[in-house]
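First comes the structure, then the notes that go with it.
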Amino acid sequence: MGVKPVPRGLLLCSVRFSVRVPLKYVACFSYASNMRRLSAIFHDQPETPLERAVYWTEYVLRHGGAPHLRSVAVDLPLYQYLLLDVGLVLLLLLGTVLAALVLLTRLLWRVVRNKSKQKQQ
């Protein structure tokens, strides 16, 4: 179990590749300027996160739990929340279309087969 030296050319190629790829993105002016712009947008807030948390806590206490902010989905039955009713309708529609296609194919096959039998006679 000895350590084998890495050929110089392979090592240089690996180092160049690993350095070049990340620097391509960091050194790119448009990427850096876009990140500065997005950072400025994110940090442009009228209050700190702590002040915002205090405000919303006080808001909920002032309005008795703020039931008007509660999601309507809480009151839905589970089958509606999971959209099982919509899925069932779509599944029935798909089944109806497939059944109609199968019946139509069988009908057309019989018509074509009967015409070919009549030509043979």
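Laboratory data are not the source of any read-out in this text; all were calculated from the coordinates shown. Bear in mind that the values here come from a model prediction, so they are computed numbers and not experimental data. Here Cβ is always computed from backbone atoms with ideal geometry, including for glycine, and neighbour counts include all displayed protein chains.
Within the stretch 63-119, the residues that satisfy the criterion of being of a type in the set (G, A, S) and either surrounded by 10 or more Cβ atoms within 10 Å (Cβ to Cβ) or assigned to a loop (DSSP other than H, G, I, E, B) (or both) are G64, G65, A66, S71, G87, G95, A99, A100.
Residue under question is E51, and the condition is that it be among the acidic types (D, E), outside any helix (DSSP H, G or I) and either touching a residue at least 24 places away in the same chain (Cβ under 8 Å) or surrounded by 10 or more Cβ atoms within 10 Å (Cβ to Cβ) (or both); does it hold? For E51, the condition - among the acidic types (D, E), outside any helix (DSSP H, G or I) and either touching a residue at least 24 places away in the same chain (Cβ under 8 Å) or surrounded by 10 or more Cβ atoms within 10 Å (Cβ to Cβ) (or both) - is not met.
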